[in-house]
Amino acid sequence: MRTGIATVCLSGTLEDKLQAAAHAGFDGIEIFEPDLITSRLSPREVRIRAAELGLSIDLYQPFRDFEGVPPERLERNLRRAEAKFEVMDELGADTILVCSNVSADAIDDDELASRQLRALADRAQAHGIRVAYEALAWGRRVSEYDHAWRIVEAADHPALGVCLDSFHILSRGSSLRAIADISPDKLFFVQLADAPHLIMDVLQWSRHYRCFPGQGGFDLTEFTARVLATGYGGPFSLEVFNDVFRQADPERMAVDARRSLLLLEESVQRPSDAARLAQPAVLAGYAFVELAVEPSSVGETQRLLHAIGFSQTALHRTKPVALWQQREVRVLLNAGAPAGPAITAIAVESSDPSRSAARAEMLLAPILARQRGPGEAELAAVSAPDGTSVFFCRSDQHGGTDQWLDDFEPLGAVAGSELVSVERIDHVGLTQPFDYFDEAVLFYRSILGLAPLESVELAAPHGLVRSRAVTSADGAIRLVLNVSVLAADSDPHGGAQHVAFACSDIFTVARHLHDIGVATLSIPANYYDDLAARYELAPEQLEAMQELGVLYDRSPEGEFLHFYSATLAGRLFFEVVERRGAYAGYGAANAPVRMAAQREPAAATSSA
Ligand code: MG
Ligand code: MG
């Protein structure tokens, strides 16, 4: 699959964009005209720069409001086009995008549109240029791709074809069946963009909310498979207008964009490409979560871990890292961090850590070079966009090369709490920097083979928070990614991170904390009044929930009970959850209550 990206997808100068696209491994680019107009590079210099970087210039765009105009306006439009063709000659670009007319006076006459496009194709052909006609979803007379194809087919000119743009087609919910009718030599260009399902004006939706394939809600796999089935051999080029991407680091965004195409290519399962990506290994759950805590928060962190039933069982042989464990649930505590507290690493139990790492590398994840002492396990790890380390482990292979537990010196018999126990890490909540959210969703989705749920918006007291979970099919790995909907300088991460532990009896765990004087997050009485109105819960249960700060949610599949610890230095908290039945959510309805409670100065219940 030949890949491309429109310069409009990336931030920076035209040079920045070209460089980022080349570094990420794209084959070609679309030059978005405003990016050329604002550049000090001449078209010829752009051509040279692109060639130096190994990029072809696959498209020049957009050329607007050309067809379906009163005949007396045709000559002026053709003159306008001539000027573009001269620029394209200098650029070395051989295809121009003509999008369907949006002006109010566009004439509803396919025959006229065909004739005028034919005249344009004649002029283009003299320059060795092809015209790719695209139906904009909000085109005045032509807004469907099959309509554009009928006009192009009727014009019957070798230099005139169509451009298919997934956004314009999927945003209208058009049937994809007519793609098969387009002959491959007339399919000049294909643009890909995903988008979240939104109900809004389609032009605004397109200009602000497009995203890379796999980040939104469109079925790009189906679309791409149908395009490939025509025999199309041209580029698949990303054309994404996104407010956040436009202001993010272009090098990072270009990698994210390229990753989206690698994943898409895998999903269409072309036999020739099948060998390229290593299949995701089976993930059995979390091996550990690593916390970095600055000295002033160490005591409080240890106290909380102990209260939840963990004991310090081992120390790393060479690093200031302690292993806290109960049953097979493990938390690494790095107590020497300069700042924090933070979740610095997550580790997943992989059936094949080296395959997991190979897949991640193919998907352009940076491989982490580890400093390793003599005899220490080699841990396969990659870096997530926000810097969180992601380790691939096997904890069940004693003596194996990836036996990371052997790097820890057991402390001997330790007194744990026998009363309380959690059974596994239920989920990890990673709050993302403002412009990393969609990228993070795609990163975890692709590298770990997780499926994203729909994103939800939660009303926090300090602004809206967007939240999206990515999970493995059996729920063994659940990650919740959060981000502030609007950037706030005071809170670049949009809130705290958390680790949620699953237990089978939330009241025993919560009661134990209460009894030993470890405060849980205090929940307002109004919440319980509302809960009583919404659900028929036994009064004793409600009373216990209120006393212990336990929250409640219900779905047709089951129930969810959970409570939160105090927040460490405003940055990190723990959650304990009990899932009943097949409840698959995270208590999103309760998140605003939690966030409001955490905002209070003394955000904890008075201890027992
Ligand atoms: Mg387009
Ligand atoms: Mg949670």
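The values are calculated or read from the model by the stated rules, or taken from the named source; none is laboratory data. Bear in mind that the values here come from a model prediction, so they are computed numbers and not experimental data. Glycine gets a Cβ as well: all are built from the backbone with ideal geometry, and neighbour counts include every protein chain shown.
Some notes on this structure:
- Failed criterion for ALA229 (all others in (1) out of contact with any Leu (no Cβ under 7 Å at 6 or more places or on another chain); (2) crowded, with 18+ Cβ neighbours inside 10 Å hold): (2)
- Note on segment 513-536: residues that are more than 38 Å from the chain's Cα centre (by Cα) and either within 16 Å of ligand 2 (Cβ to nearest atom) or crowded, with 18+ Cβ neighbours inside 10 Å (or both) total 1.
- Residues (within 11 Å of ligand 2 (Cβ to nearest atom) and under 18 Å from HIS512 (Cα atoms)) located in segment 549-562: LEU551, HIS562
- Scanning segment 79-105 for residues that are β-branched (Val, Ile, Thr), more than 16 Å from ligand 1 (Cβ to nearest atom) and out of contact with any strand residue (DSSP E or B) (no Cβ under 8 Å at 6 or more places or on another chain) yields a count of 0.
- Residue count for segment 199-219, restricted to those that are among the β-branched types (Val, Ile, Thr) and either assigned to a helix (DSSP H, G or I) or under 13 Å from the mean Cα position of the chain (by Cα) (or both): 1.
- Which listed residue is away from ligand 1 (no atom under 16 Å from the Cβ), modelled with pLDDT of 95 or more and over 22 Å from VAL550 (Cβ atoms), from ALA500, ALA525, ALA476: ALA476
- Yes/no for ARG571 being at pLDDT 95 or above and assigned by TED's automatic domain parsing to the domain that holds ALA469: no
- The condition (being outside the structural domain of PHE310 (by TED's automatic domain parsing), over 28 Å from THR471 (Cβ atoms), modelled with pLDDT under 95 and more than 16 Å from ligand 2 (Cβ to nearest atom)) is satisfied by just one residue among PRO601, PRO539: PRO601.
- Residue within segment 133-145 that is part of a strand (DSSP E or B), away from ligand 2 (no atom under 16 Å from the Cβ) and among the small types (Gly, Ala, Ser) present: no
- Pairs, first over 10 Å from GLU144 (Cα atoms) in segment 170-183, second exposed (fewer than 12 other Cβ atoms within 10 Å of the Cβ), C-beta under 9 Å, six or more apart: SER183/GLY231
- Scanning segment 158-169 for residues that are in contact (Cβ under 8 Å) with a residue 40 or more places away in the chain and among the hydrophobic types (A, V, I, L, M, F, W, C) returns LEU160, CYS163, LEU164, PHE167, ILE169.
- Filter pass, ALA193 being touching a strand residue (DSSP E or B) at 6+ places or on another chain (Cβ under 9 Å), touching a residue at least 24 places away in the same chain (Cβ under 8 Å) and either small (Gly, Ala, Ser) or surrounded by fewer than 20 Cβ atoms within 10 Å (Cβ to Cβ) (or both): yes
- From the list GLU75, GLU30, GLU82, the lone residue that is surrounded by 23 or more Cβ atoms within 10 Å (Cβ to Cβ), closer than 28 Å to TRP138 by Cα and either touching a residue at least 40 places away in the same chain (Cβ under 8 Å) or not small (Gly, Ala, Ser) (or both) is GLU30.
- Scanning segment 553-585 for residues that are of a type in the set (Ser, Thr, Tyr) and in contact with a Gly (Cβ under 8 Å, 6 or more places away or on another chain) turns up SER555, TYR564, TYR583.
- Residue tally, condition under 17 Å from CYS393 (Cα atoms) and at pLDDT 90 or above, over segment 265-280: 0
Yes/no matrix, rows are residues, columns are (1) away from ligand 2 (no atom under 16 Å from the Cβ); (2) in the same structural domain as LEU572 (by TED's automatic domain parsing); (3) modelled with pLDDT under 95:
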| residue | (1), (2), (3) |
| --- | --- |
| GLY416 | yes, no, yes |
| LEU419 | yes, no, yes |
| LEU430 | no, yes, no |
| PHE434 | yes, yes, yes |
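- Residue tally, condition within 16 Å of ligand 1 (Cβ to nearest atom) and more than 16 Å from TRP138 (Cβ to Cβ), over segment 165-181: 1
- Qualifying residue in segment 458-467 (condition: free of Cβ contacts under 8 Å to residues at least 60 places away in the same chain and within 16 Å of ligand 2 (Cβ to nearest atom)): yes
Here is a yes/no grid of residues against (1) surrounded by 20 or more Cβ atoms within 10 Å (Cβ to Cβ); (2) at positive phi; (3) modelled with pLDDT under 95; (4) not in a helix (DSSP H, G or I):
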{"site": "TYR286", "(1), (2), (3), (4)": "yes, no, no, yes"}
{"site": "GLY309", "(1), (2), (3), (4)": "yes, yes, yes, yes"}
{"site": "THR318", "(1), (2), (3), (4)": "no, no, yes, yes"}
{"site": "TRP324", "(1), (2), (3), (4)": "yes, no, no, yes"}
{"site": "ILE343", "(1), (2), (3), (4)": "yes, no, no, yes"}
{"site": "ALA347", "(1), (2), (3), (4)": "yes, no, no, yes"}
{"site": "SER356", "(1), (2), (3), (4)": "yes, no, yes, no"}
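- Summed over segment 425-440, residues that are among the hydrophobic types (A, V, I, L, M, F, W, C) and under 12 Å from ASP386 (Cβ atoms) total 4.
- Condition met for ASP122 (touching a residue at least 12 places away in the same chain (Cβ under 8 Å), part of a helix (DSSP H, G or I) and either within 16 Å of ligand 2 (Cβ to nearest atom) or among the charged types (D, E, K, R) (or both)): yes
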